[in-house]
2 protein chains.
Amino acid sequence: MDGKKVVIIGGVALGPKAACRLKRLEPGAEVVMIDQDEYISYGGCGIPYFISGDVNSVQDLMSTSFHMLRNPQFFEDVKDVKVRARTRAIAIDRQKRTVRVLDLGTNAEEDLPYDHLVIATGSTAFRPPIPGVELPGVTSVTNLHSAMEVKDRISKGKVDRAVIVGAGAIGCEMAEALGDLWGIETHLVEIADQVLPGILAPSLAAIVKNHLEEKGVRVLLGRRVAEIRRGDEDGQLEVSLKPDETIRAQLVITAVGVRPNCELARSAGLATGATGAIIVNQMLQTSDPRIFAGGDCIEIPHLITGQSVFFPQGSLANRQGRVIGTNIAGGAAKFEGTVGSFSMKVFDLGIASTGITPQTAIKNGFDAQSVLVVQADRAHFYPTQDLMYFQLTVDRKTRRILGAQAIGSNGDAVSGRINAIAAILPFKPTVEDISNLEIAYSPPFASALDVLNAAGNTAENILDGLNRPMEPGEFEKCFIMEENPDILCLDVRSPANAAPFVERYGDRWLNIPQETLGKRFDEVPKDKRLLLVCNSGVRSYEAMRQLENAGITNTVNVQGGAAALKKAGVFPKADEGDKNHD
Amino acid sequence: MDGKKVVIIGGVALGPKAACRLKRLEPGAEVVMIDQDEYISYGGCGIPYFISGDVNSVQDLMSTSFHMLRNPQFFEDVKDVKVRARTRAIAIDRQKRTVRVLDLGTNAEEDLPYDHLVIATGSTAFRPPIPGVELPGVTSVTNLHSAMEVKDRISKGKVDRAVIVGAGAIGCEMAEALGDLWGIETHLVEIADQVLPGILAPSLAAIVKNHLEEKGVRVLLGRRVAEIRRGDEDGQLEVSLKPDETIRAQLVITAVGVRPNCELARSAGLATGATGAIIVNQMLQTSDPRIFAGGDCIEIPHLITGQSVFFPQGSLANRQGRVIGTNIAGGAAKFEGTVGSFSMKVFDLGIASTGITPQTAIKNGFDAQSVLVVQADRAHFYPTQDLMYFQLTVDRKTRRILGAQAIGSNGDAVSGRINAIAAILPFKPTVEDISNLEIAYSPPFASALDVLNAAGNTAENILDGLNRPMEPGEFEKCFIMEENPDILCLDVRSPANAAPFVERYGDRWLNIPQETLGKRFDEVPKDKRLLLVCNSGVRSYEAMRQLENAGITNTVNVQGGAAALKKAGVFPKADEGDKNHD
C-alpha cells in the first residue's frame, strides 16, 4: 500500500483532517493538498469573532491549540503532508487519474497523478443579484481576506453605519460583531418575516429579534434590498429597500447564504444533486469511487426528513474528513447523515438547535406540534439561574421528536440541553424518551425536574389532550393585534404581577390567581374563549385542569406564558410589571 | 373513579410530585400527604448551598420558582392536596387498606384508609459506628434542621476548624461550603484511596483532590476515624484517625452515605432487595400492587449493569413521582431504570458523570478500557475557552460505551457533554456513535471537532490498536514514584515546555519536539519503554504513529498528557513550566 498517491483539493477543515487521519493510518501515503488561497486550515467560523475583536488576530484562527501556525511548513514537518498553496485545480482527468493544477504565482500548469482524489472545494458566499452589489464597500465576510479588509476599515473608524443583508446565522453574528464592541449603527435587513428564517421556530426567532433591537440593531423584516448606489456627495453607499426606504452606510455586508463549489466536480462528470452539491455515498465516495468529497461541497442525508440537504458546517466537515482519511487507508467508515445541529451566539443570547423546526416538519408531511417551555436553567434557588426558552417539535401521530431548539443567557447550558437531544435523534426518540432523559442533576447545573424533561412532559400532556397550547405568536396576533372581542385573557398570577396588564387591557384581562381559582369559578366568563396566562405556562396548565374539572373547556394555555411574551417584546415596556420570575 | 383515596407517606420530592400529577389527571382523587417533619417539599440537594451562603435562606429551598412557599396551605390551595405535617406513619394494614398514623403534636393515633398508598419515606444519613459519633457538634447535614443548626453555629463564628468524614459527593460539597465563604480550616477524611470513591474514575478523582487542596482543604485518603472525644480542656472535639493523628475541631460532619427508610414497608411485608431498599416493578408498584413506592427508598435497575441499585437522586424521585401519579390515575407509565447520571460542583470545578466507571465495569465483568481526552471546551481560539478533562469507559469486546465523566471550570459545558452521553446510553451506543454525535457547533460553545467526538475517536484508535494508552495514575506510579529505570519519558512538546522537566528528571526525560521527530529517530533509545508525553495526548499519539512507522513500538501514550498530570498535581509545582495550553 505504501506510496499510494492522494491529492486533496482544498486546504480548510475537511482537507487537512482527511490528510492527517490518512497519514496516521498509512504513513507511507504520499499526500498533496492544494489550495488556491494563500491561507489554509483556518477556522472560518471564527471570522465574526475576529471582526468583533473577541479574537485578536487572524493568526489565532490559523493556529493549533498549542499555538503552532498551521501553514504549509507545519503540514510538511508535523504531518508529512505536502501543501501547495495558491494553486488552483482546473480539471480532473478521471481516465488518466490526474488533476490539472495552475500555480497562481508562476502561472505554470501541471498534472498531479492520484490513486485517490479528495474534493474539498467548500462553498462560496452567494452574491445576491442586487444592482450595485459589486461596489467597493459591499462585501460578504466569508474568507480571511475580506474579513481582514473589513476589520481594517472598522478599526480605523471608517464605518459609522452598516447594512447587513440577510438575518441568517452569519447576518445575526455580524450584527453583534459590528454593534457590540465597535458601536456601529447596524441595520439588519431580512426578506422573510422573522430573523433566522428556516432555522428557528417563530416563537424563538421573535426573542432573538427583540434582543437584537434591545442591543441597538435595527431589524427590518419583510424588506428586500432593491439597489445599492454610491452617493454623489460623500461617496457613501445608499441602500434602497423595498418597501421604500434608503439607508446611507459605509459598509454593506451580504449574508444570504453560501453555494457549494462544484464546478470542478461537475466538469469531471461527477454526479451532483438537486441541492447543487456533489452526491456521495455513506463512504463519502462520489459517483467515481476513487474520488471522495466532503465538507461544504456535498449534499448529505437529513436523518429526520430523509431528504438530501446542503448543510455546510465546520463540525461535519471535520467528521467527514476523518471518514475519508480512514476509507482511503482501506477502512470502511461511514458518514450516515446529519440531524441538523447548530449553535450560535447573538449578543447575550446563546442559541442552539437540532433536528427540524415545526415549519420544516409540516413541509415534510409531519403532523407537527410545537411545544414551548420556559424554566430556569438550573435549580431555581441557585444564584446564577436564568430562564431558558426551550422548544420541541414533535409528531402528533408517532409521538416522535423531530427537533429541539433553545435560547438562554447561559449558552453552554442551552447547547448542553440541545446536544442531549441531538445525541438521541438518530435513534428516533419519542416524547417519553425526553421525559425520561437522565440529565445529570445538581442544583448548580440542572433542576431536579430539568427544563428538558419538563419539555418532554409538556409534550406528553399536549399530545394526550390535557394541555391545549397556544403559540406566543398566535396570542400576539389575536389578542394584541386583532383585539378579538370574543377572547379574554385569564391571568392566574398574583395581583401584583397582573396589575399593569389589567390596567392596560381593561376587562379583556381578568386576574384570578391560580391558588384562589378553585373558589372563584363563577367569576370566569363562560361565553368567551379564555387564553390562560401565567408567567411560564405551568400554573396556567394547572388552571386549565381545574377549569376543565369545573366544566369550563373553552380554554387554551399560552405557551411560555408572560415570560416568553415579554422576552419577545410583545408587550409595551410599560406593561412588563415587576421583573420577578413570577 | 372520583373520590379515590390516596395516602402518600413522605412530603419531599417524590410525594408532592406524585400528588400533584395525580390531581391534574384526576381532580376528584382525595389525596392526603403525611410527613413526620414540619418541613415538606424542600430541595434537600440545596443544603450545601444554603450552608455556603450561595442560597440565603431555607425559605428559598422551600419555595416554588414563583416564590410561593410550598407549605401545607400551598398544597391545599394550589393543588387541592391535604397535607398533615408532623404526622408519622407507624403501620400499614394491607388487608384493611389503612395506614396507622401518629400525630406528633397531639400523640393521637388514627387509621387513614386508602385505595392506593405511596411510600415515599426517603433515606436517612448513615451514622458510622464510630465511638463519639453521638456527641454534640457531630452531625450529618442531610435535613433542614441540622443544616440550620450548623449554619447558625458557623455564622456566629463558632467554627474555626472542621472535620468531614467521607469524601463522597456530599463530603466534597460540604468541604466547599465550609471553606469557600466561611474560611473554615477543613479536613476531609476518606477511608478509600481516592476522593469520590466508586463515583469517579481515578484519573479524574486525582484532579478533584488536587483542586480541593489548592483551595485549602486538607484531604486525608486511606484514613479512617477511630474515635471522637470531647476534649477535657476547652470542650472541643478531638477526632482520632488511623493511621495515627488527632485533629481538634468544633464541628464534625459525617457524610458516609444514606440508607433507605424501609422499616415501615418491611413491617408491612413488602419485598425489599439486596440493597436494603424496596423492590418495585416498572410501574413502581411494590409487591402489593395497590402500594407504590419511589424516591430514595427503592432500588431500581441500572441500565448498564442490569443490577438493581440504590441510587438516591432528587431528579429520579421527581420523575418517579410523575410515573406514580400517572399510574394511580389509571395510566401505564414506566420507570425503566437509571443510567447513573449525576453532577456536582467542587469549588471552581464542575463535575458530571453518567454510566459506570472503569472500576465498576470490571467488577461487572466488562472488558473495560478507560479513555481520557483533554481538550478546550469550545473553539481553542475563543477567549472564554478552558480545558475539559473527559473520560470514557468502553467495553473492548463490544465497543459499547459504558460511561462518561468530565471535569472542567465551566460546569455547564461539562454537564452538557455528559448529558449527551446520558441521552444515548439507554440505546447501547458504541464508540462510533460518540465519534459521530452531532454536537451543536459554533466557536463560543464547541469545537469543530468537539472534545466529546475527540473522545470517541480516541476510543476507536485505542480499540483498534493504533493508540496504546497509559493512565495518568500509572505514569505517576512507574515514573514518579518507582522511578523505574527501564522507562524513559519522551516529551514531544517544544523545548520551552519541556525544559523544566528535563532539568528535574535528567536523562529519564528526553525532549524531541514532534515536528522534528521524523528526522531524529536515531536519537530515540530502542532499549527502553517509552512513555510518550505532550500536553494533551494528541501530538504524542501522532508521535506514536510516526515511531511505529519507524519500527519503534515499545511505546505508550500518556493519556491526557502533561495537562492531566499537572491538573492532578503529579509534578512538583516548580516543574509545571509555562501555563500555555501547549
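The values are calculated or read from the model by the stated rules, or taken from the named source; none is laboratory data. All values reported here derive from a predicted model rather than from experimental measurement. Note: ideal-geometry Cβ built from the backbone for every residue, glycine included; neighbour counts use all protein chains shown.
Being within 19 Å of the chain's Cα centre (by Cα) and hydroxyl-bearing (S, T, Y) is the filter; apply it to the stretch A:283-322 and report the residue that is nearest to A:P426 (Cα to Cα).
If we take residues in the stretch A:283-322 being within 19 Å of the chain's Cα centre (by Cα) and hydroxyl-bearing (S, T, Y), then A:T305 is nearest to A:P426 (Cα to Cα).
Go through the stretch A:75-99 residue by residue and tally those that are surrounded by 14 or more Cβ atoms within 10 Å (Cβ to Cβ) and free of Cβ contacts under 8 Å to residues at least 12 places away in the same chain.
So the answer is 3.
Restricting the search to the stretch A:172-181, which residues are surrounded by fewer than 24 Cβ atoms within 10 Å (Cβ to Cβ) and touching a strand residue (DSSP E or B) at 6+ places or on another chain (Cβ under 9 Å)?
A:G179
How many residues are at the interface with chain A (Cβ under 10 Å from one of its Cβ atoms) and either over 20 Å from B:V150 (Cα atoms) or of a type in the set (A, V, I, L, M) (or both) if we restrict to the stretch B:45-57?
Residues that pass the stated criteria total 2.
Within the stretch A:27-44, can you find the residues that are facing chain B (nearest Cβ under 9 Å) and surrounded by fewer than 22 Cβ atoms within 10 Å (Cβ to Cβ)?
Scanning the stretch A:27-44 gives A:P27, A:G28.
Among the residues of the stretch A:45-60, which ones are in a helix (DSSP H, G or I), among the polar types (S, T, N, Q) and farther than 15 Å from A:D180 by Cα?
If the condition is that a residue be in a helix (DSSP H, G or I), among the polar types (S, T, N, Q) and farther than 15 Å from A:D180 by Cα, then A:Q59 is the only one that fits.
Can you tell which of B:V138, B:V81, B:V31 is at pLDDT 95 or above and closer than 30 Å to B:R248 by Cβ?
Of the residues listed, the single one that is at pLDDT 95 or above and closer than 30 Å to B:R248 by Cβ is B:V138.
Being among the acidic types (D, E) and farther than 30 Å from B:P48 by Cβ, is that true of even one residue in the stretch A:412-425?
For the stretch A:412-425, residues among the acidic types (D, E) and farther than 30 Å from B:P48 by Cβ: absent.
Select, from B:T106, B:T121, the only residue that is touching a Cys at 6+ places or on another chain (Cβ under 9 Å) and either outside any strand (DSSP E or B) or not assigned by TED's automatic domain parsing to the domain that holds B:I184 (or both).
B:T121
Looking only at the stretch B:61-101, which residues are among the hydrophobic types (A, V, I, L, M, F, W, C) and touching a Ser or Thr at 6+ places or on another chain (Cβ under 7 Å)?
Residues satisfying the conditions are B:M62, B:L69, B:A91, B:V101.
Which count do you get for residues in the stretch A:351-391 that are under 30 Å from B:G44 (Cβ atoms), within 14 Å of chain B (Cβ to nearest Cβ) and under 21 Å from the mean Cα position of the chain (by Cα)?
Going through the stretch A:351-391 one residue at a time, the tally reaches 6.
Which helices (runs of 4 or more DSSP H) sit wholly inside the stretch B:447-559 and have at least 3 residues that are surrounded by fewer than 18 Cβ atoms within 10 Å (Cβ to Cβ), without any contact (Cβ under 8 Å) to a residue 60 or more places away in the chain and not assigned by TED's automatic domain parsing to the domain that holds B:A206?
Those helices (runs of 4 or more DSSP H) span B:495-505.
Mind counting the residues in the stretch A:145-171 that are closer than 17 Å to A:V225 by Cα and either acidic (D, E) or not in a strand (DSSP E or B) (or both)?
Qualifying residue count for the region: 4.
Looking at A:G408, is it within 12 Å of another protein chain (Cβ to nearest Cβ), in contact with a strand residue (DSSP E or B) (Cβ under 7 Å, 6 or more places away or on another chain) and surrounded by 20 or more Cβ atoms within 10 Å (Cβ to Cβ)?
Spelling it out, A:G408 is indeed within 12 Å of another protein chain (Cβ to nearest Cβ), in contact with a strand residue (DSSP E or B) (Cβ under 7 Å, 6 or more places away or on another chain) and surrounded by 20 or more Cβ atoms within 10 Å (Cβ to Cβ).
So which residues in the stretch B:280-325 are assigned to a loop (DSSP other than H, G, I, E, B), touching a residue at least 60 places away in the same chain (Cβ under 8 Å) and among the hydrophobic types (A, V, I, L, M, F, W, C)?
B:C297, B:L303, B:I304
Could you tell me how many of the residues in the stretch B:172-197 are farther than 21 Å from B:Q236 by Cβ, assigned to a loop (DSSP other than H, G, I, E, B) and in contact with a helix residue (DSSP H, G or I) (Cβ under 7 Å, 6 or more places away or on another chain)?
So the answer is 4.
Going through the stretch B:206-258 one residue at a time, which ones are in contact with a helix residue (DSSP H, G or I) (Cβ under 9 Å, 6 or more places away or on another chain), among the aliphatic types (A, V, I, L, M) and surrounded by 19 or more Cβ atoms within 10 Å (Cβ to Cβ)?
The answer is B:A206, B:I207, B:V208, B:L212, B:V217, B:V219, B:L251, B:I253, B:A255, B:V256.
Does B:T398 fit the bill of being part of a strand (DSSP E or B), more than 8 Å from chain A (Cβ to nearest Cβ) and closer than 28 Å to B:F335 by Cβ?
Judged against the criteria, B:T398 is not a match.
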